[in-house]
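What follows is calculated from the coordinates using simple rules that are stated; it is not laboratory data. Just so it is clear, the model here is predicted, and its values are computed rather than measured. Cβ: placed from backbone, ideal geometry, glycine included. Neighbour counts: every protein chain shown.
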């Protein structure tokens, strides 16, 4: 059986990329037996859903003409989060 450390890495990877079927079955079997890894998986899925909701909220807010950031504020935010999306 795979270790919890390996399973949590695979769970994180599976959020963005499908796992090979044998690996997916091994992960599923492990989380059936391991409540901690199962909780980790639930938390990862909840976090992913929350981030998707927040991203949508931000996209909608960007359409509001009453909400504007200066170029300097956008630059500071981009630097703070390490992103060039702004």
Legend entry - Principal-axis tilt of helix 35-62 within the chain, Cα atoms, nearest 10 degrees: 20 degrees
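Suppose only helical runs count, i.e. DSSP H with n ≥ 4. What mean residue ellipticity at 222 nm does that imply for the chain under -39500 (n - 2.57) per run, divided by all residues and rounded to the nearest 500 deg cm²/dmol?
For the chain, the value works out to -25000 deg cm²/dmol.
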Inset, instruction - Round to the nearest 10 and give me the degree value, 0 to 90, for the angle of helix 71-81's Cα axis relative to the longest principal axis of the chain. - result: 20 degrees
Inset, instruction - Could I have the simple spin-label model distance between residue 3 and residue 36, label points 7 Å from Cα toward Cβ, reported in nm to one decimal? - result: 1.2 nm
Inset, instruction - For the chain, find the longest principal axis of its Cα atoms and tell me its angle to the long axis of helix 21-33, 0 to 90°, nearest 10. - result: 80 degrees
Inset, instruction - At 0.36 nm per residue, minus the direct Cα-Cα distance, what do residue 51 and residue 21 gain on full extension? Give it in nm, one decimal, please. - result: 8.1 nm
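How much length is gained on full extension from residue 43 to residue 74, taking 0.36 nm per residue of separation minus their Cα-Cα distance?
8.1 nm
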